[in-house]
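Undergrad: Can you keep this structure in mind? I'll have questions shortly.
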């Protein structure tokens, strides 16, 4: 990481902490009370109380008592949680020493979830008109995956485009890449989102909760949030007065994945700290069609730390993280006779030997691989200004991506991208006026990307600056909640010209400054993109059991660097990519309507949407005059971005049956539907092969039967057993034009899991153990959004198959050991 920027981030954090220190002597409030069971009136030990807007929380002790100190004055939404009980969401006024008891009722489902993503302040999901999903810790622990995006890919409306088991990108309602903004604890995650095989650089073991906005969130976050937001929220610091920690390990049989993570955190009189170290590595995964898939193994190391202080004037937190991933690059090449995987060993690629069984079953990475590093420093601060408050977020990210694509010179990177991003987010919360909550702010980023250290150039170096002022408002009229706002985005975008010439020593291309004997793959380009966005929505709660909501929003997205300027081979994709500098920004208009019902026996929700997008940009294969694949560089298919008018529509339905008195039994079902139509360009007809959009997930659903036993036996607590069926319909609404995409057969997968806490005689958890099985019947299938489906250099397979298949049967075990010190 750039040392100067690191020191600057630390210095700013120290200044923000100490400048307002005197306010602590003037405005120091507290909240204390007891948390008890409604039926037995006994204290609940370990229940949590948390105020999201203050990043402050506590846990109840052996007497059910809790206390939060160093709180600023104001009105806040808090939540009280305990497993097996109904959540409490309540607005409370903090002024002086406030005492408040909470009574929790047992419940088969969690209700009153609070979210912060895409909102001006913490808000209950049921009171927000925007489609929102909160994926809690329990869900993440009771599901099985190889990365954090796959962990949420079964959430209704969410999918993932994958390139093997450790490279996944989130899609929301059929839209992804730079249309979905990924956040880490509320901060933009910047790491070459335009790239097909570029995953999300986040430690999955450090994620405690995920909040998902399904629909335009440009109002809050600007460009790149047109389809929605995935906010990955890490483990919260320890409650007041405690030191907590956790050590976990897991193993997966399919690819021999071995992973582990250790975390420790403390909180002493409002000073919080947390540190985590994680590691995982895996061999090539396998399935019954391909055997072991060469080029899918990886090694990942992660580290993170945070420091924070909470006082009467507000809070200030500093978060640091490091992500380091060594990832093999599959290309799908096989021997034409035996169909075994082959590998590239020479630069001219005239001969490819078959990969040995020893290599296929090894943790060792091949010569051709990518090395991805991501560093982050982020300072989040909130200042209490009496009846109003001010929040300031400042961040720096450095993403370094090297793709080693030269088999005879393995230490020379082909693609070498160095991305630096400075982000800022400033919000002012006005005093409540006539029941209205008003927020005004501005956020954006400065970003520079340097590509000149490599030997292959698919995009040019560029820099850009974003600024987006906005205003948001919300008010409750009894059972009716109204919220909305407006924003204006401006992005100043500039990419550099690039001259290249063959290096006489290496034989590879190198950047030069003179034109003698040089080619120019990229010209200088400058443009300013701007747009207005806004949203208006309402929610009506007929009762605490039933609510309806509606929202209309306009989204905005600037074209990304690849869509504008790409001109070259993208290593790891088998694609020669071409851009188009004439693109206009995308603008969307999305209407949402939904309804939610929750009772003691049934929970159900329905969410419908219609999304109309102007200047929608998508990737299309290029054919030559004979109708065959256009090949600029042998071994790579040529693609070029196109733009058209698009419409996407569909929705999600979920139903959870938990019949009383069998509260321990859940039968959960969900269905997700996205239809996407290519309306073409103005004045041009669309033929049948091009009438759909590419990379749209098929109709799919999940049915799960789960039993939960709070205390099934002595020393056993919080046990669950589940069986799950995930089904995917045939996707024949594909973009068949120019052989860009193919239809995908349907399939059904069966998964299962069992887990429990093991306790001592006092009921304290000694460790948690879980066993999971995915694709139990070892079905050979291809996900429609798997890019490996198209990794096939010899398509004339006598077996009638092409491309690489997804992972086969995978069984895993996970053990987690917590500890808690006073």
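Undergrad: Working from the alpha-carbon coordinates of the stretch 626-682, get Rg over Rh, Rh being the Kirkwood radius.
TA: Using only Cα positions, Rg/Rh for the stretch 626-682 is 1.38.
Undergrad: Highest mean first, what order results for 53-60, 762-769 on Cβ atoms within 10 Å? Don't skip to the end; give the middle numbers.
TA: Details: 53-60: 22.8, 762-769: 13.8.
The peptides rank, most packed first, as 53-60, 762-769.
Undergrad: Across the stretch 689-822, how large is the tail of the calculated P(r) beyond 25 Å, expressed as a percent of all Cα pairs?
TA: Percent of Cα pairs beyond 25 Å in the stretch 689-822: 48.
Undergrad: Taking the radius of gyration and the Kirkwood hydrodynamic radius from Cα positions alone, what is the Rg/Rh ratio for the chain, to two decimal places?
TA: Values: Rg = 26.6 Å, Rh = 27.8 Å.
The Rg/Rh ratio comes out at 0.95.
Undergrad: Could you please state, rounded to a whole Å, how far the C-alpha centre of the stretch 597-647 is from the C-alpha centre of the stretch 307-340?
TA: 26
Undergrad: Could I ask something else about it? May I ask for the Kirkwood hydrodynamic radius of the stretch 466-564, worked out over all distinct Cα pairs and given in angstroms to one decimal?
TA: One decimal place: 18.2 Å for the Kirkwood radius.
Undergrad: Separate question: For the stretch 68-195, place one equal point scatterer on every Cα, skip the solvent, and apply the Debye formula. What is log10 of I(q)/I(0) at q = 0.13 Å⁻¹?
TA: Calculated log10 I(q)/I(0) at the listed q: -0.72.
Undergrad: Specify the angular offset, from 0 to 90 degrees and rounded to the nearest 10, of the alpha carbon long axis of helix 3-18 from the longest principal axis of the alpha carbons in the chain.
TA: Rounded to the nearest ten degrees, it is 10.
Undergrad: Something else: What translational diffusion coefficient, to the nearest whole µm²/s, does the stretch 590-701 have by Stokes-Einstein, given a Kirkwood radius computed over alpha-carbon pairs, a temperature of 25 °C and 0.890 mPa s viscosity?
TA: Calculated translational D: 140 µm²/s.
Undergrad: Still on this model: So what is log10(I(q)/I(0)) for the stretch 659-720 at q = 0.14 1/Å, when the Debye sum runs over its Cα atoms only?
TA: Taking Cα atoms of the stretch 659-720 as identical point scatterers yields -0.63.
Undergrad: Continuing with this model, one more query. Bin by bin, in steps of 10 Å, what percent of the Cα pairs in the stretch 445-507 do you find, going until the bin that has the longest distance?
TA: The calculated distribution, bin by bin, is 16, 26, 19, 15, 12, 8, 3, 1.
Undergrad: Right, next: Sequence gap at least 6, Cα distance under 8 Å: using those rules, report the relative contact order of the chain to the nearest whole percent.
TA: Answer for the chain is 10 percent.
Undergrad: Eigenvalues of the Cα gyration tensor times 5, then square-rooted: what semi-axes does that give for the stretch 406-448, in whole angstrom, largest first?
TA: Result for the stretch 406-448: semi-axes of 49, 9, 5 Å.
Undergrad: So what is the diffusion coefficient of the stretch 332-442 in µm² per second by Stokes-Einstein at 10 °C and 1.306 mPa s, using a Kirkwood Rh over Cα pairs? It would help to have the intermediate numbers written out before the result.
TA: Values: Rh = 19.0 Å.
Here the translational diffusion coefficient equals 83 µm²/s.
Undergrad: How would 679, 358 line up from fewest to most surrounding beta-carbon atoms within 10 angstrom?
TA: Values: 679 16, 358 8.
Lowest to highest Cβ neighbour count: 358, 679.
Undergrad: Over the Cα atoms of the stretch 204-308, how large are the radius of gyration and the largest Cα-Cα distance (Dmax), in Å?
TA: My reading of the Cα-based Rg and Dmax gives 18.5, 58 Å.
Undergrad: For the stretch 187-258, what log10 I(q)/I(0) values come out of the Debye formula at q = 0.28 1/Å, with one point per alpha carbon and no solvent?
TA: Summing over Cα pairs of the stretch 187-258 leads to -1.32.
Undergrad: When Rg is the radius of gyration of the Cα atoms in the stretch 137-248 and Rh is its Kirkwood radius, what does Rg/Rh come to?
TA: The Rg/Rh ratio comes out at 0.99.
Bear in mind these aren't lab numbers, they're just calculated from the coordinates by the rules spelled out. Because the structure is a prediction, the values reported are computed rather than measured. Backbone-built Cβ (ideal geometry, glycine too); neighbour counts: all protein chains shown.
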